Amino acid sequence: MSDVSLSAVTVAYEGRPVVRDLDLAVASGEWLSLIGPNGAGKTTVLRAITRLVPFDGDIHIGGRAVARLSSRDLARGVAMLVQEPQMPAGMTVSQYALLGRSPHLGYLGKESSRDRRIVRDVLRRLGLDELASRALDRLSGGERQRAAIARALAQQAPVLLIDEPTTSLDVGRQQSVLELIDQLRREQELTVIAAMHELTLAGQYADRLALLVGGRLVAIGSASEVLTEPAIAEHYRAQVKVIEMNGSGTAVVPVRR
Amino acid sequence: MLGVKLFSTRVARTPVLLGGLPRLPWAWAAGGALALLASCGVGVLAGPVHIGFGTVTQALLAPIPGLGAGISVDPGQANILWSLRFPRVVLGVLVGGTLAVAGAAYQGVFRNPLADPYLLGAAAGANLGATLAIALAPGTSVFGVNVIPLAAFVGAGAAVAGAYALGRTVTGLRSTTGLILAGVAIAAFFNSIQSYVQQTQTSSIRQVYSWILGRLVTAGWDDVLLVLPYVVLSVAVIFVHRRLLDALTLGEDEITSLGISVRRVRLIVVVAATLGTAAVVAVGGTIAFVGIIVPHAIRLLVGRSYRVVVPLSVLFGAAFLVLADTAARTVVAPAELPIGVITAFLGAPFFIVVMRSTRGAPL
Amino acid sequence: MQEHRRRASAKLAAQIGVTAVAACLTLAACGGRQSSTPNVPTVHFPVSITAPGGATVTIAKQPHRVVSLSPTATEMLFAIGAGSQVIAVDDQSNYPASAPKTKLSGFQPNIEAIAAYSPDLVVAAEDTGGLVHGVQALNVPMLVEPAAKNLNDSYLQIRQLGAATGRPAEADSLVGKMRSEVGSFVASLSKTSRQVRVYHELDNTYYSATSNTFIGQVYKLFGLTNIADSATSATSDYPQLSAEYIVASNPDLIVLADTKCCQQDLSSVAARPGWSVITAVKTGQVIGADDDIASRWGPRIIDFMRAVAQHVQQVEKAA
């Protein structure tokens with residue numbers, strides 16, 4: 001029971017609406033990618049689901065209204081991977097991941113050996129067990145991204161929100177991070193909502209894409225339905241060639257004007 | 001409710017340690033305890049009046065039932081030790097430990113390495129409260145308690161509450177910068193009122209100055225008892241927030257999405273740290289530097305986790321202040337030096353050495 | 001070092017003496033001529049006065065609009081009968097009660113506010129905030145009478161103020177009276193074989209005064225041992241003493257010059273941690289002095305000295 005539904009959600013910053021009247025339903029275990037040009041409101045949608053911004057309308061997770069959950073219960077239901085996680089200097093990977101257990105502890109609670117076991121297993125699953133004692137500031141970009149995922153997974157929330165997971169990674173690392181998230185989603189039956197810039201990757205990994213423009217939903221569906229040359233030309237003001245590849249999704253290739 | 005057991009099938013039966021978790025290194029904990037003991041030893045042995053090692057030990061043992069039987073100490077020396085030197089050393093422990101741990105706490109909640117116990121105007125408020133009490137109601141006492149430290153408490157509380165309210169209206173408490181700016185503004189405002197009162201009430205100027213410079217010189221067990229409850233409460237509250245102080249080093253959105261109320265943690269820790277600061281300012285005056293130097297030296301030398309910084313700050317802060325106070329009463333004996341002069345004189349070069357020797361370590 | 005210091009202070013005293021003589025010479029009024037009617041000054045202006053600071057001040061005619069920014073000078077002016085010539089005194093001049101107290105400040109002097117009184121003589125204890133320069137720019141004579149180092153300095157200042165206000169005879173007679181009183185106090189004390197130890201307290205954080213200060217000179221004149229003199233030369237003449245040192249020194253006499261600022265008295269001193277064993281506390285030889293009298297160098301120092309002399313007699317009798 002980890003479906004996410006938004007109905008008539010509006011978010012305004014200083015009176016200016018950035019998300020308008022948004023309806024969205026994400027099934028349990030589904031991967032939905034939010035795409036759209038800069039300023040479309042992708043990140044704001046994710047922030048509304050985790051109640052980091054006030055919103056009008058209703059957001060439900062597993063049938064329960066987000067607005068009425070305690071912040072701890074919300075954190076047990078939704079984990080969020082922000083675009084540029086702050087990695088405190090000097091903190092070790094395991095300590096960082098262990099902070100993901102916070103929603104399961106009391107206000108002044110102490111981590112139990114069970115919490116430590118969960119974190120150890122998460123680190124092992126992400127291939128970070130060798131780096132457990134390393135300081136965050138001494139990790140490579142890809143390792144940092146994995147550490148951030150570890151912290152979110154340690155939260156054991158059935159819904160995972162991801163904001164631009166591949167920014168500043170090279171193409172190999174982009175693939176491996178998305179591959180990893182997809183594997184974890186299948187293994188743990190996670191519901192994933194990801195805001196993504198890179199359209200080809202978004203289409204390859206998501207079950208469905210939701211195209212936001214100016215805070216409104218303009219298209220939702222499979223990659224081949226949403227990623228059309230006219231739509232991208234209109235909303236991104238980009239000239240692209242969309243290539244259907246047999247069995248491996250839709251490629252969006254920019255074309256020189 | 002919403003949580004799912006993701007890894008239940010793979011949880012190992014045998015307890016396996018997770019490496020890389022911050023632990024208080026025992027060598028440092030023992031070293032801190034030893035440093036505190038040694039500084040207290042120096043503190044009780046050194047003073048403008050020469051009292052031998054044997055006499056000091058005997059005076060310490062004499063009141064212990066059983067052990068002390070048959071020990072007789074010169075009453076004059078026993079009086080000096082028990083009425084003056086011992087309480088002053090104990091007060092040094094309380095003041096130093098509290099200032100250092102309050103500094104660490106402020107740096108944690110404001111995520112600002114320059115934050116110190118005086119940041120939110122706590123000292124400015126305490127000084128204004130005391131100045132007003134000295135100037136307007138000299139010698140008054142409420143329920144047998146001198147009104148000056150009470151006024152200092154009220155002043156410190158008012159300053160911090162003011163800074164908090166101001167920072168909140170301006171920035172909704174999301175930004176620590178707003179809170180710090182509010183604190184600076186409140187401190188400047190309180191300082192100006194204090195200067196004005198001081199200028200217009202010149203007859204009380206001497207007492208105001210001696211208050212601001214601290215009264216460790218006149219300390220007795222009364223002062224120890226006055227601050228002890230606040231200091232214990234303050235340090236205990238900060239102590240149990242070690243894990244949350246570590247969590248606060250994450251980004252604000254990340255902390256919130258972990259179900260931790262940044263506002264609540266910040267409020268509780270700030271109130272606790274301010275309470276402790278106001279209490280020790282009431283007896284020790286404004287002693288700069290301890291709250292910045294001690295926690296940072298520990299971060300650079302030992303580690304940045306508050307599980308390490310908080311307990312070691314208490315030990316080393318206390319040891320440092322006892323030593324500084326010992327210097328204050330011996331260097332120009334039988335005269336006294338202001339302790340703030342000593343803490344800055346010893347602290348600044350020491351800190352520079354630590355900074356240079358750990359170059360490249362993140363602050 | 002110590003020797004050098006002593007010589008330096010001897011030199012200073014000699015200079016003051018010379019200055020005094022010079023002042024007398026220019027006045028031609030010192031010492032001798034008795035005025036037949038004391039209330040009608042007969043001195044002829046202009047007079048020139050060489051202040052301890054070194055500058056010579058010329059006063060063209062008898063001043064009738066004197067502004068005093070020094071509480072001590074105020075006390076001196078009124079004691080020599082020049083009170084009627086004083087039109088304004090600073091906010092710290094609280095004695096005598098009849099002095100025309102104003103909001104003028106001697107610490108942070110406001111030249112404009114001073115000028116508003118159109119003074120014909122300004123007296124201060126310190127040249128702070130460009131005071132002398134500012135007053136001179138107004139073409140008003142300005143006399144600086146700084147903190148006295150000893151009683152002779154005080155006598156000299158009284159005479160100078162007498163000369164400046166046209167009341168040299170009154171000044172002479174006041175100085176004469178003070179001298180004879182001081183002489184009788186000293187005579188009333190036996191040549192003590194046993195040194196009486198005194199602790200002079202400036203505030204309740206144990207700031208004290210060594211023999212290099214005016215008040216310290218008073219104790220020295222009485223042959224008392226000032227416990228603050230043990231404070232090394234590394235600190236000022238007003239050192240803050242350690243509590244344990246004061247207790248260990250066991251003074252026979254404690255003089256509290258912090259009864260007004262800090263409400264100290266015998267009972268509050270006795271209540272201090274560890275102080276109850278001190279001889280002065282046990283025998284009640286704790287003098288509650290008026291903070292103002294003990295921190296000024298005016299004529300009222302005689303009252304203070306009388307009280308101290310009485311207590312020293314009691315200490316000697318008890319011994």
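Rule-based calculations on the coordinates, nothing more; no lab input. Please read all numbers here as calculations on a predicted model, not as lab measurements. FYI the Cβ positions are ideal-geometry reconstructions off the backbone, even for glycines, and counts take in every protein chain you see.
Peptide B:327-334 is shielded by partner chain Cβ atoms: per residue, an average of 6 of them sit within 10 Å of its Cβ.
From the Cα gyration tensor of the stretch C:221-319, with a ≥ b ≥ c the square roots of its eigenvalues, which class applies: rounded if a/c is under 1.5, or else prolate if a/b is larger than b/c, or else oblate? Judged from the Cα gyration tensor, the stretch C:221-319 comes out rounded (a/c under 1.5).
The ellipsoid equivalent to the alpha-carbon distribution of the stretch A:71-113 has semi-axes of 19, 16, 8 angstrom, derived from the gyration tensor eigenvalues as √(5λ) and listed largest first.
Using R₀ = 22 Å, calculate the FRET efficiency as 1/(1 + (r/R₀)^6) where r is the Cβ-Cβ separation of A:Lys241 and A:Arg216; round to 0.05. Let's see the in-between values first.
Numbers: r = 26 Å, r/R0 = 1.20.
So, using R0 = 22 Å, E works out to roughly 0.25.
Dipole magnitude for the protein assembly as shown: about 1300 debye, using +1 per Lys or Arg Cβ and -1 per Asp or Glu Cβ, origin at the Cα centre. Within chain A, antiparallel bridges make up roughly 60 percent of the DSSP beta bridges whose residues both belong there.
A full extension of the chain between B:Phe350 and B:Val271 corresponds to an added length of 25.4 nm, given 0.36 nm per residue minus the alpha carbon distance. Bridges between two residues of the protein assembly as shown, per DSSP, are antiparallel at a rate of about 50%.
Taking a quarter of the surface of the Cα convex hull of the protein assembly as shown gives a mean projected area of 52.1 nm². Using only helices, what value at 222 nm comes out for the protein assembly as shown when you add -39,500 (n - 2.57) per DSSP H run of length 4 or more and divide by the total residues, to the nearest 500 deg cm²/dmol? Counting only the DSSP helices, I get -15500 deg cm²/dmol. Inter-chain neighbour count for C:202-212: the average number of beta-carbon atoms from partner chains within 10 Å of each residue's beta-carbon is 4. Exposure proxy shown here: for C:Thr72, B:Thr55, A:Thr44, A:Thr200, the number of other Cβ atoms within 10 Å sets the order, fewest to most, as B:Thr55, A:Thr200, A:Thr44, C:Thr72.
Return the FRET efficiency for the residue pair B:Ala236, C:Lys220: r is the Cβ-Cβ distance, R0 is 45 Å, and the value is rounded to the nearest 0.05.
0.25
Distance from the Cα centroid of the stretch C:258-286 to that of the stretch A:30-107 is 66 Å (rounded to whole angstrom).
If one computes the Cα centroid of the stretch B:182-205 and of the stretch C:78-111, what distance in Å separates the two points? Taking the Cα centre of the stretch C:78-111 as reference, the centre of the stretch B:182-205 is 27 Å away.
Checked against a 30 Å cut-off, the cross-linked pairs C:Lys101/C:Lys282; C:Lys103/C:Lys220; C:Lys61/C:Lys260; C:Lys149/C:Lys191; C:Lys191/C:Lys260 give Cα-Cα distances beyond that limit for C:Lys101/C:Lys282; C:Lys103/C:Lys220; C:Lys61/C:Lys260; C:Lys191/C:Lys260. Counting every other Cβ atom within 10 Å of each residue's Cβ, C:Ser249, C:Ser230 order from fewest to most as C:Ser230, C:Ser249. If R0 is 45 Å, the Cβ-Cβ spacing of C:Ile111 and C:Val186 corresponds to a FRET efficiency of close to 0.55. Phi angles across the stretch C:223-229 convert, under the Karplus curve 6.51 cos²θ - 1.76 cosθ + 1.60 with θ = phi - 60°, into 3J(HN,Hα) values of x, 7, 9, 8, 5, 5, 5 Hz, Gly and Pro given as x. Shape summary of the stretch C:179-255, radius of gyration then Dmax from alpha carbon positions: 12.9, 39 Å. A simple spin-label model places pseudo-atoms 7 Å from Cα toward Cβ; at C:Asn139 and A:Arg68 they are separated by 9.1 nm.
Here the Karplus curve 6.51 cos²θ - 1.76 cosθ + 1.60, taken at θ = phi - 60°, turns the phi angles of the stretch B:253-267 into couplings of 5, 5, 4, 4, 6, 8, x, 9, 7, 4, 4, 5, 4, 4, 4 Hz, with x standing for Gly and Pro. In this simple spin-label model, placing a label point 7 Å from the Cα along the Cα-to-Cβ direction at both A:Glu179 and C:Ala55 gives a separation of 9.0 nm.
Listed from fewest to most Cβ neighbours within 10 Å, the set B:Trp26, A:Trp31, B:Trp221, C:Trp297 follows the order B:Trp26, B:Trp221, A:Trp31, C:Trp297.
Other residues with beta-carbon under 12 Å from the beta-carbon of C:Val144 carry, at +1 per Lys or Arg and -1 per Asp or Glu, a net charge of -3. Inter-label distance, A:Ala27 to C:Arg65: 10.1 nm, where each label sits 7 Å from its Cα along the C-beta direction. Based on alpha-carbon atoms, the Kirkwood radius and the radius of gyration of chain A give Rg/Rh equal to 0.97.
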